[in-house]
1. Choose one answer from Arg151, Arg175, Arg115: the residue with the largest mean-square fluctuation in a GNM of the chain with alpha-carbon springs under 10 Å.
2. Of Ile117, Ala150, Leu134, which is farthest towards the positive pole of the chain's charge dipole, taken about the Cα centre with +1 and -1 on the beta-carbons of Lys, Arg and Asp, Glu respectively?
3. Over all Cα pairs of the range 76-170, how is the pair count split among 10 Å bins, expressed in % and running from 0 up to the last occupied bin?
4. Under a Cβ-only charge scheme (Lys and Arg +1, Asp and Glu -1), can you give me the dipole magnitude of the range 2-183 about the Cα centre, in debye to the nearest 20?
5. List the extent of the Cα atoms of the chain along each of their three principal axes, largest first, rounded to whole Å.
6. Using only the alpha-carbon atoms, what does the range 126-180 span along each of its principal axes? Please give whole angstrom values in decreasing order.
7. Once you've got the GNM for the chain with C-alpha springs shorter than 10 Å, pick whichever of Gly132, Gly95, Gly143 has the biggest mean-square fluctuation.
8. Provide Phe139, Phe48 in ascending order of the number of other Cβ atoms located within 10 Å of each residue's Cβ, fewest first.
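FYI, it's all coordinate maths here, none of it is from the lab. As the structure is a computational prediction, the values presented were derived from the model and not from experiment. Reconstructed Cβ throughout: ideal geometry from the backbone, glycine too, with neighbour counts over all protein chains shown.
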Amino acid sequence: MFNLLKNSFMELKKTKTIVITGLLLAISLTLNTQALKIEGITIITFSFIANSIAGFLFGPVVAGTLGGLTDFLTHVINPKGAYFFGFTFNAILGGVFYGTFLYKKIYGSKKLVLRIIICKILISVIVNLTLGTLWYSIFSGKGFLILLPARIYKELIVIPIHCIVMYVLLKVVNRIYYQLNLNDNEDIKN
């Protein structure tokens with residue numbers, strides 16, 4: 001785990017990482033402002049796309065940083081109520097999960113699918129259902145167990161969609177990344 005964090009942190013020293021992460025931040029901010037809100041219960045965004053790509057290419061440190069920046073800057077650019085750090089923490093933690101499970105881990109389609117599914121299930125259970133519901137409960141003053149059923153329903157719908165989108169996009173990103181010769185390690189080609 002230490003080497004994973006170290007390697008991801010070292011990615012921050014590369015110009016290509018900063019440039020691509022900046023582009024992913026712009027994409028993430030755009031996708032985050034196009035959120036679908038179910039009144040008082042949950043928000044569905046598509047910023048997971050940029051976070052998963054950052055985690056895939058650059059690891060947990062970069063993806064966590066991107067997630068935190070996206071959440072904070074979204075609030076600065078388009079505030080909808082008071083700022084609450086819990087949601088930023090969730091965005092950081094989601095990026096860390098993406099980076100931990102996806103960073104330089106393309107061994108074949110079956111293993112990629114398995115890693116995506118495990119990653120999305122953990123993010124859904126730990127970040128979205130447990131912590132996210134807790135933050136919404138604290139923030140809105142509504143009971144945790146009152147909010148939980150609707151959020152479970154949302155996660156059951158969103159998980160397969162996110163997994164399919166991530167699989168398709170990560171395969172394309174992997175191919176483009178190598179065709180543009182942006183990789184540093186030749187041993188992770190697919």
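1. Looking only at Arg151, Arg175, Arg115, the biggest GNM fluctuation is shown by Arg175.
2. Comparing the listed Cα positions along the dipole, Ile117 ranks first.
3. 15, 41, 31, 12, 1
4. Taking the Cα centre of the range 2-183 as origin, the dipole is about 560 debye.
5. Projected onto the principal axes, the Cα atoms of the chain cover 51, 34, 30 Å.
6. 51, 19, 15
7. Comparing Gly132, Gly95, Gly143 in the GNM, the peak value goes to Gly143.
8. Details: Phe139 13, Phe48 24.
Least to most surrounded, the residues fall as Phe139, Phe48.
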